[in-house]
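Notes for the one structure printed next.
The values are calculated or read from the model by the stated rules, or taken from the named source; none is laboratory data. The model shown is predicted, which means the values in this text are computed figures rather than measured ones. Cβ placement follows ideal geometry from the backbone for every residue including glycine, while neighbour counts extend to all protein chains displayed.
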Ligand SMILES: Cc1cc2nc3c(=O)[nH]c(=O)nc-3n(C[C@H](O)[C@H](O)[C@H](O)COP(=O)(O)OP(=O)(O)OC[C@H]3O[C@@H](n4cnc5c(N)ncnc54)[C@H](O)[C@@H]3O)c2cc1C
């Protein structure tokens, strides 16, 4: 994200819908001012978007939605209404205490609304679908300055577009989501392992064997990383099972038999999945202000030879660039039965049929490494493209894992674009919301 932003925090109150309405009107004045002064701006929720397209906000205004931070849980209705900037860390404990659960992602400091507007994938997505499938309504200011409620019955055309491309049409001040009663009494098995890089083929073969048939409650996350203490390049893997320990242990027996050099298998409350799993990497992932070059790709099959090549590739990168040793290359696999039970044309989200996602995060110490980091990311992605199983020649990527150079076709697909572009013309005709993997925008992001 550009460091050239100045923060203009909306002075919304912490209490109540009425005052939030006023605040929404106030911050529309800020948007109008920015628009007429030709100053680019960006509304930020969790502040964790990492697309390089965010760098197009130069000398602009960041409209920090941080005060839109209310959380209201209706236990009887099984709903949760949150302000537009609420982070996962703000909801998990409250939901757990209310005896409810939600489909969390992998990082507690990500914005719930920001993530949901593009999709929202995570371990409990196997049980409950995408985060955007849990959305019931949003209250938002559109690009034409209208403050509207959007749902299946109010502006249904926009409702379709909000779920998959929502950040293109305005700023959501509050959103209501469905929440769920506990699965397995709110407890999940979290199993973390570390493996020597030489064991990668067996680990990836295990993941491949579950292609398209993961049990709803089971998820797999495998990453290539580097640590001097562990002998350099190694792999870490996390398996979440939202069910009894014995069942989870049975699922991961083949993994234990592989002989990891480190393991931690525990039952944890679901609310701690983001903060405790993956050996607690969340604390590092949530540090803001670091430099990252992030690259992603949808996978429609698990190609083990490609993953083996990726381990060798990362090994070379870690050797060549000691400054990139915090980089990790991950694949996440979440069960897709429930996600695919929602018809493709019900929402703008285009990739319900992906079986996994590739994600490479190259962290680096300062801007002088940006070009090299981009090169590493581009080369790694190129490794995966030929065997991803995509049915088009576009770089198909879950919009929130996009680097920023994939373009509209890659983020939204040819199938969805005509309808999305028509919505853009209607609800944001002046293209105010065009700094994040946007419809109808062209970017000069690092090539
Ligand atoms: C460490 C890390 C882990 C992640 N893990 C996951 C994961 O497990 N699953 C997953 O699906 N994604 C994951 N992501 C991706 C994440 O969903 C996106 O980065 C998302 O954009 C973050 O939203 P944010 O509100 O934090 O970001 P921001 O930078 O604040 O926003 C990103 C974009 O969304 C817009 N936006 C944010 N809030 C609003 C709002 N209220 N109304 C309108 N537009 C808004 C912003 O204007 C901007 O265009 C992860 C990202 C990181 C950095």
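Quick notes on this structure:
- Those strands (runs of 3 or more DSSP E) of region 122-190 in which at least 3 residues are within 22 Å of residue 338 (Cα to Cα), considering only elements entirely within it, cover 135-142, 170-178.
- Selection status of residue 145, touching a residue at least 60 places away in the same chain (Cβ under 8 Å), more than 30 Å from residue 284 (Cα to Cα) and more than 13 Å from the ligand (Cβ to nearest atom): yes
- Residue count for region 256-305 satisfying the condition of being farther than 19 Å from residue 358 by Cβ and in contact with a helix residue (DSSP H, G or I) (Cβ under 6 Å, 6 or more places away or on another chain): 9.
- Any hit, region 421-428, residues being buried (at least 17 other Cβ atoms within 10 Å of the Cβ), touching a residue at least 60 places away in the same chain (Cβ under 8 Å), out of contact with any strand residue (DSSP E or B) (no Cβ under 9 Å at 6 or more places or on another chain) and over 30 Å from residue 194 (Cβ atoms): yes
- Search result, residues across region 94-104 that are touching a helix residue (DSSP H, G or I) at 6+ places or on another chain (Cβ under 6 Å) and either farther than 20 Å from residue 72 by Cβ or buried (at least 22 other Cβ atoms within 10 Å of the Cβ) (or both): 101, 102, 103, 104
- Residues in region 320-337 that are more than 18 Å from residue 281 (Cβ to Cβ) and touching a helix residue (DSSP H, G or I) at 6+ places or on another chain (Cβ under 7 Å): 321, 323, 335.
- Selection status of residue 74, more than 15 Å from the ligand (Cβ to nearest atom) and at pLDDT 75 or above: yes
- Residue match in region 207-218 (condition: more than 18 Å from residue 334 (Cα to Cα) and crowded, with 20+ Cβ neighbours inside 10 Å): no
- Per-region count, region 22-60, residues within 15 Å of the ligand (Cβ to nearest atom), at pLDDT below 70, over 17 Å from residue 113 (Cα atoms) and not in a loop (DSSP other than H, G, I, E, B): 3
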